[in-house]
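What follows is a set of notes on a single structure, which appears directly below.
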Amino acid sequence: MKFPVVLHKDSNTDFGVTIPDVPRCFSAGATFEEALDNVREALALHFEGLVEDDEELPEAASIESHITNPEYQGGIWAVVEFDVTPYSGKAVRFNATLPEKLLSRIDERVKQDSRYASRSGFLASAALHELSI
């Protein structure tokens, strides 16, 4: 899932990162790149807490839905990819039938793209994308 984030920096401070769709989840970093890298760790810890507390997982909205919020004025917007599938519950095995050529294309994408650890990871990501539209 792609989460919009907004970065702020005052003089003599690190970059602060706010994740508008995930209340009470913040991050920071000495550099812009470090701040963005640290967002994934902050999201992982936050999502683990939500799962532990049996709370609903947040959905990502578009930057456009947040950009007019005065809290984020003067910030720099970015998007961070975060895999929410590990937090979506216990894995359940099921059988699916797909055309051979489509399955080959999926397997090729999984080999080329490090975001997907497996065919199942790719299918879960595709399903989450389709359901969030």
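Subtracting the Cα-Cα distance of Thr31 and Lys9 from 0.36 nm times their residue separation leaves 6.9 nm of extension gain. Kindly list the residues of the range 100-130 that lie in the label zone of Ala44, defined by a backbone N under 15 Å from the point 7 Å along the Cα-to-C-beta vector. Correct set: 115-117. Taking the range 57-133, which GluC sites (Glu not before Pro) meet the DSSP loop condition and have no more than 13 other C-beta atoms within 10 Å? In loop regions of the range 57-133 (DSSP not H, G, I, E or B), the sparsely surrounded GluC sites (Glu not before Pro) are Glu59.
Per-residue extension of 0.36 nm, minus the Cα-Cα distance of Ala78 and Glu52, leaves a gain of 6.5 nm for this segment.
Go through (i) 26, 19, 12; (ii) 32, 17, 14; (iii) 30, 17, 15 and flag the label whose value is the computed semi-axes √(5λ) of the Cα gyration tensor in Å for this structure. Evaluating semi-axes √(5λ) of the Cα gyration tensor in Å on these atoms matches (ii).
Only Lys, Arg, Asp and Glu carry charge here, each on its Cβ (+1 for the first two, -1 for the last two); on that basis the chain has a dipole of about 660 debye about its Cα centre. Computed from the C-beta positions of Lys90 and Gln112 and an R0 of 35 Å, the FRET efficiency is 0.75 to the nearest 0.05. Each Cα pair under 8 Å and six or more residues apart adds its sequence gap; the mean of these over the residue count of the chain is a relative contact order of 26 percent.
Here, each number is a calculation from the coordinates, and none is a lab measurement. What you see is a predicted model; the values in this text were computed from it and never measured. Positions of Cβ are backbone-derived with ideal geometry, glycine not excepted, and every protein chain shown enters the neighbour counts.
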